[in-house]
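Shown next, in structure tokens, is the structure this report addresses.
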Amino acid sequence: MMGNGFGFGFGIPGLGMILVWGLILVFVVWLVRTVAGGFSSGGKSARQLLDERFARGEIDRDEFEQKRRDLSG
């Protein structure tokens with residue numbers, strides 16, 4: 001009997017398991033990137049984030065101006 005074993009009918013024993021583990025790995029990477037992406041800035045630039053912090057009153061004018069200068073040069 002030709003061993004089908006872990007080949008899942010692909011003809012080459014082991015190839016099926018490589019594909020299964022590859023799909024699992026791709027899924028885990030996708031999951032981690034999706035979860036980690038929820039904690040990121042959402043694609044906003046540093047200047048946009050700074051403007052928003054100033055608009056919300058989280059930083060005062062002096063701190064805003066200093067950080068703006070730091071970002072521009």
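The values are calculated or read from the model by the stated rules, or taken from the named source; none is laboratory data. What you see is a predicted model; the values in this text were computed from it and never measured. Heads up, the Cβs are rebuilt from the backbone with ideal geometry, glycines too, and the neighbour counts pull from every protein chain shown. When the accessible area is computed, the model is the full protein with side chains, heavy atoms only, and any ligands, DNA or RNA have been set aside. Shrake-Rupley method; radii C 1.70, N 1.55, O 1.52, S 1.80 Å.
Each label was represented as a point 7 Å from its Cα along the Cα-to-Cβ direction; for ASP60 and TRP30 these points are 5.0 nm apart.
Note on ARG69: accessible area is roughly 130 Å² with a 1.4 Å probe, heavy atoms of protein only.
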